[in-house]
Amino acid sequence: MDNRAGEMQVFVRVVDAGSFSQAARQMLMTPSTVSKLIVRLELRLGVRLLERSTRKLSLTDEGRIYYERSNALLTELDDVERVLAQGAQKARGTVRINASVAFGTLAIEPNLPAFWEAHPNIQINLSLCDDIVDM
């Protein structure tokens, strides 16, 4: 399995940081590992993405295109994961409530519409009864 998203993250971090060593520190990697990942990425793509000099890194035209698109894809990936995580945290299921008729009518029923609007994935099983129940 390839790790194109991981390569994109490393590349974007290098460009944002302006150096292999700074990006490596941010990602808790060694500079040589970061450099090797970028070289492997360039070989896989068949283009040079970065111009390297002893003083600075600069993007090639292809590198600029790859940076802009990678940045957009990584942002979208983060958004998808955030949306899914929020959906997983939403309450769902069934709540069973047994209450007296008076309490259910005065306290529970008036609040149900607001509750359902806030929690559409929850079912309410409301049983109102004035019988004495031995628990």
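Rule-based calculations on the coordinates, nothing more; no lab input. Everything numeric in this text was worked out from a predicted model, so none of it was measured. Glycine gets a Cβ as well: all are built from the backbone with ideal geometry, and neighbour counts include every protein chain shown.
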Check your understanding: Of S21, S100, S58, which has the largest mean-square fluctuation in a 10 Å C-alpha GNM of the chain?
Key -> S100
Exercise for review: Name the longest site-free stretch of the chain, where the excluded sites are trypsin sites (Lys or Arg not before Pro) in a DSSP loop with no more than 11 other beta-carbon atoms within 10 Å.
Suggested key: 1-54
**Study point:** GNM result for the chain, Cα springs below 10 Å: residue of L45, L74, L37 fluctuating most strongly
**Key:** L45
Review point. Once phi is turned into ³J(HN,Hα) by the Karplus curve 6.51 cos²θ - 1.76 cosθ + 1.60 with θ = phi - 60°, what whole-Hz value does each residue of region 104-121 show in order, with x for glycine and proline?
Key: x, 6, 8, 10, 8, 4, x, 8, 4, x, 5, 5, 5, 5, 6, 9, x, 8
Check your understanding: GNM, the chain, Cα, under 10 Å: largest mean-square fluctuation among I124, I38, I65?
Key -> I124
Review point. Using a ≥ b ≥ c from the Cα gyration tensor of region 1-83 (square roots of the eigenvalues), is it rounded, prolate or oblate, where a/c under 1.5 gives rounded and otherwise the larger of a/b and b/c decides, a/b for prolate?
Key: prolate
Review point. Where does each of E42, E109 land when they are ranked from fewest to most other beta-carbon atoms within 10 angstrom?
Key: E109, E42
Review point. Please state the Cα pair-distance histogram of region 25-135 with 5 angstrom bins from zero: what percent is in each bin?
Key: 2, 8, 10, 12, 10, 7, 6, 5, 4, 5, 6, 6, 6, 5, 4, 2, 1, 0
